[in-house]
Each structure stands twice: as structure tokens, then as C-alpha cells.
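In what follows, a structure is listed as C-alpha cells, so that the remarks can point back to it.
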Amino acid sequence: MATEEAAPAALNYIPEVVLKKRKTNEQWAAKKTPARERAKRKKSGNFIIKKPEQFIREYRDKELDLVQMKSRGKRIRSASVTPESNLLFVIRIRGKNDMHPKTRKILYSLKLRKIRTGVFVKASAGMMEMLQKVEPYVTYGYPNVKSVKDLIYKKGVVRVGKERIPLTDNNIVEQELGKHSIICIEDIVNEIVAVGPHFKSVTSFLCPFVLNNPKRCCKERRKVQDGGDSGNRKDKINELISKIN
């Protein structure tokens, strides 16, 4: 009977080496789990730690951006700005880390919420003044007929309700713009090129064009006239459009 009662105890015996290894694994897992959670939170964007000097640098950059924008505004008011064409294509080329909220507001009013997006706008003295205020963040110029066609046929996307739909069907155009006698994609091209009476309705119908990102394109903050990438390219905007379309 004694040997029969001792048998279960022998079955439950675990070597000390195994116990130590199991304990080590549990301690290692306990240390590793919080690190994984921190990595997940950081990756998801919900847990971002910034150093004090980073806050100070961003604040100074934003204030400097505001001062420079006001300075450009004063220079613009002291000189007459006359556009060379009725149509402009504007491309956003820079981010928002060092951007003042007033600069961001102007870019958002132009529907340029993201880098490498472009829009058609009607050229005027007021528009030229607005663009020069945000000049470090945009490049712009006067597109020709070929550039307008290429952008609309290759990159055209429209907003119908809350949906974004590629511009490939004339029926969508007729449904949304038929009241303005614009019934096909070619009519949209003609209205934009001519900056016609329904230009605003057409550009509101179009979403900002999402452009490609070629190597070393639009990285420098200096103006085009100073050998940089931002500012007024005039008719040379067509060369850039051909590269990023």
C-alpha cells in the first residue's frame, strides 16, 4: 500500500532545473510585454514623447514663419502684382511642422491640405498676393492646354456626395454640371482652359490632384528665382507637371 500511495507524488515531481527555467521565462515575458505595448502605442500615434527643446524649436519656427509671411505681404502691397494669364496651377511642396496656423489656413482655403497635391485657380492680383504669402510652401505657374488635359484625364477625381470617384464617365459630369451645359470631360477641360463663367463650379467639383513624387523634386525652400523650387515658375510649370503627372 505504501508504494501505491507514493507513486502519485513521484509523478508530480518537477526537476529544479525546469522550475528555474520556467520562472526565468515568466520574468522575461513580464519585462517584454510593457515594452511591446509602448512600441504599439508609439506606432499608432497615440503615444508621442517630445523633448522640451523640440517644442521650443517648433514654436520659434512657427513664429518665424508668421514674421516672414507678414514681411512678404508688405512687399506685395508696395508693388503691383499682375498675373500673366487667367489660369494658375498651384502645387503644395512642403509639410507643416514649422508652419504657422495662419499659413495653414491659407493653404486649406486653396484645398491644399497635403503635400504633392495641386489645384487650378483663377489668377488675379488678390490670388497672387495670397500665393506669395505662402510662397515657401507652394510652387505655381501658368499651365498650357496639354497640361490641363493630362491632369484631368490622368489624375481627375471628383466628389459626388461623400464619395471620391475617378473622372472616367461623362454621365457623372452631366448629372453634376449639366445645369451649366457642361456634359462631358472635354467640356470640363474647355471651361478650365478658358476660365469660363462656371470655372468655380467645375473646380469645386474636382478634387485636388494627387501627384507623383519624382526624385529630387520640390525639396528646397528657396524661390525659383534664387535657384530653389518654390514660387512662381510661370510657363515652366508645364515641365514640372509632365514629370509628376
Complete set of residues in the stretch 176-195 that are out of contact with any Asp or Glu (no Cβ under 6 Å at 6 or more places or on another chain), over 22 Å from Ser85 (Cβ atoms) and part of a loop (DSSP other than H, G, I, E, B)
Ser181, Cys184
Across (1) surrounded by fewer than 17 Cβ atoms within 10 Å (Cβ to Cβ); (2) touching a Leu at 6+ places or on another chain (Cβ under 9 Å), Val210 clears everything bar (2)
Keeping to the stretch 156-175, report how many residues are within 22 Å of Pro143 (Cα to Cα), part of a strand (DSSP E or B) and either aliphatic (A, V, I, L, M) or modelled with pLDDT of 95 or more (or both).
2
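When the stretch 150-175 is examined, which residues are found to be among the charged types (D, E, K, R) and either touching a residue at least 60 places away in the same chain (Cβ under 8 Å) or surrounded by 17 or more Cβ atoms within 10 Å (Cβ to Cβ) (or both)?
Looking only at the stretch 150-175, we keep the residues that are among the charged types (D, E, K, R), and these are 150, 154-155, 159, 162-164, 169, 174.
Correct list: Asp150, Lys154, Lys155.
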So which residues in the stretch 112-152 are among the charged types (D, E, K, R) and modelled with pLDDT of 90 or more?
Arg113, Lys114, Arg116, Lys122, Lys146, Lys149, Asp150
Give Ile91, Ile106 a once-over and let me know the one that is under 26 Å from the mean Cα position of the chain (by Cα), outside any helix (DSSP H, G or I) and either under 17 Å from Asp229 (Cβ atoms) or modelled with pLDDT of 60 or more (or both).
Ile91
If Lys236 passes every condition in (1) within 25 Å of Ser109 (Cβ to Cβ); (2) modelled with pLDDT under 95 but one, which one does it miss?
(1)
Condition set over 19 Å from the mean Cα position of the chain (by Cα) and hydroxyl-bearing (Ser, Thr, Tyr), scope the stretch 131-149, selection surrounded by the fewest Cβ atoms within 10 Å (Cβ to Cβ): answer is Tyr142
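Within the stretch 159-192, track down each residue that is touching a strand residue (DSSP E or B) at 6+ places or on another chain (Cβ under 9 Å) and of a type outside the set (Asp, Glu).
Of the residues in the stretch 159-192, the ones touching a strand residue (DSSP E or B) at 6+ places or on another chain (Cβ under 9 Å) are 159, 164-167, 172-173, 175-176, 188, 192.
Answer for the stretch 159-192, where residues must be touching a strand residue (DSSP E or B) at 6+ places or on another chain (Cβ under 9 Å) and of a type outside the set (Asp, Glu): Arg159, Arg164, Ile165, Pro166, Leu167, Ile172, Val173, Gln175, Ile188, Ile192.
The values are calculated or read from the model by the stated rules, or taken from the named source; none is laboratory data. Given the structure is predicted, the values throughout are model-derived calculations rather than measurements. So basically every Cβ, Gly included, is an ideal-geometry build from the backbone, and we count neighbours across all protein chains shown.
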